[in-house]
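K.L.:
Have a look at this one before I ask anything.
Each reported figure results from applying straightforward, stated rules to the coordinates on display, with no laboratory input. Owing to the predicted nature of the structure, the values given are computational and were not obtained by experimental measurement. Glycine gets a Cβ as well: all are built from the backbone with ideal geometry, and neighbour counts include every protein chain shown.
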Amino acid sequence: MGFEKFGHVSFTSQTKTDAFVEYLVKDEIRATKCRKCGRVFFPPQADCSSCLESDMDWVKVEGNGKIISFTKVNYGPTGFESDVPYILALADFGEVKVFGRFSKEIPEEQIKVGMEVKIQAVSLPNGQVSYQFIRD
């Protein structure tokens, strides 16, 4: 299984982090962590931009995160035009910050900076997989 199965619209079929999609299918959210310097990356990266090593471990992103910032997307980029509006947010999960969408089940007026969230894998109607923020 390659990266073509990730997201609402996928523009690539293979990456050096294809395992990310396999984890999503198993309802796991994973980041990569450099074995040399310990930096954690989400979205996952195969190469460390800090120490330039390519020796990475897959680590779970779990527990509660706190929303740092969010925005409402009213005009979607190519392939996302029919999804708008939706809320994108940045959440701090301690070891790693995660950028992603909020579940449409959470009313926009309830989304606040500092709000606690969890991250969950989702299967999309078109057979793709992704992840989203949900309420704690």
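K.L.:
List the residues whose amide H sits under 5 Å from the amide H of Glu28, counting only those 5 or more places along or on another chain, with H placed 1.01 Å from N in the peptide plane.
P.N.:
Sorted by chain and number, the residues that satisfy this come to none at all.
K.L.:
Restricting attention to the stretch 29-136, which GluC sites (Glu not before Pro) occupy a DSSP loop and are surrounded by at most 16 other Cβ atoms within 10 Å?
P.N.:
Answer in residue order: Glu53, Glu62, Glu95, Glu105.
K.L.:
I need to check one value: relative contact order of the stretch 28-129, counting alpha carbon pairs closer than 8 Å and at least 6 residues apart, in percent.
P.N.:
Computed over the stretch 28-129, the figure is 25 percent.
K.L.:
Lys and Arg at +1, Asp and Glu at -1: add these up for the other residues within a Cβ distance under 14 Å of Val84 and post the number.
P.N.:
Charge balance in the 14 Å sphere: 0.
K.L.:
Based on the inverse mean of 1/r over its pairs of different Cα atoms, what is the Kirkwood hydrodynamic radius of the chain, in Å? Before the final figure, lay out the partial values.
P.N.:
Numbers: mean 1/r = 0.0640 Å⁻¹.
In the chain this quantity evaluates to 15.6 Å.
K.L.:
Count neighbours as other Cβ atoms within 10 Å of each site's Cβ, and list the trypsin sites (Lys or Arg not before Pro) in the stretch 85-136 that are DSSP loop with at most 12 such neighbours. Mind showing how you got there, number by number?
P.N.:
Numbers: sites: Lys97, Arg101, Lys104, Lys112, Lys118, Arg135; in loops: Lys104, Lys112.
Here the trypsin sites (Lys or Arg not before Pro) that fit, given the DSSP loop and packing criteria, are Lys104, Lys112.
K.L.:
Compute the longest continuous run of the chain that contains no exposed chymotrypsin sites (Phe, Trp or Tyr not before Pro); treat a site as exposed when its DSSP state is not H, G, I, E or B and it has at most 13 other Cβ atoms within 10 Å.
P.N.:
Result, exposed sites excluded: 12-74.
K.L.:
Report the calculated FRET efficiency for Asn126 and Glu62 (r = Cβ-Cβ distance, R0 = 35 Å), to the nearest 0.05.
P.N.:
Values: r = 27 Å, r/R0 = 0.76.
Working from the Cβ atoms, E equals 0.85.
K.L.:
While we're here: Give me the count of lysine pairs in the stretch 3-135 whose alpha carbons sit under 16 angstrom apart, restricted to pairs 8 or more positions apart or on different chains.
P.N.:
16
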